[in-house]
1. Any number yet on Rg/Rh for the stretch 13-70, C-alpha, Kirkwood?
2. If the chain between Asp46 and Val29 were fully stretched, how many nm would it gain, using 0.36 nm times the residue separation less the Cα-Cα distance?
3. I'd like the Karplus ³J(HN,Hα) series for the stretch 18-28: coefficients 6.51, -1.76, 1.60, θ = phi - 60°, whole numbers in Hz, and an x wherever there's a Gly or Pro.
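Throughout, read-outs are computed from the coordinates displayed, never taken from laboratory work. No experiment lies behind these values; they were computed from the predicted model shown.
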Amino acid sequence: MERGQKMSLALLENGLVNIYQNDKQEKLVDARELHEFLGVSTRYNDWIRSRIEKYGFVENLDYVTITENL
């Protein structure tokens with residue numbers, strides 16, 4: 001998925017952490033929702049950056065960045 005491209009998500013499961021499904025039928029979770037559910041005490045940006053570095057996640061392979069214009 002290219003940066004800036006719109007992604008259509010459908011809520012697949014509404015459980016402890018919501019699971020979404022995209023147009024390619026891939027299952028996704030929102031890292032901000034996961035961060036909140038886990039009750040992590042560090043700021044989200046610091047937490048997610050450390051997870052990405054620690055586990056070697058690759059953008060557009062292991063995760064996508066979605067920004068919303070509010």
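1. 0.96
2. 4.3 nm
3. Ordered by residue, 3J(HN,Hα) equals 4, 10, 10, 10, 9, 4, 8, 6, 7, 8, 9 Hz.
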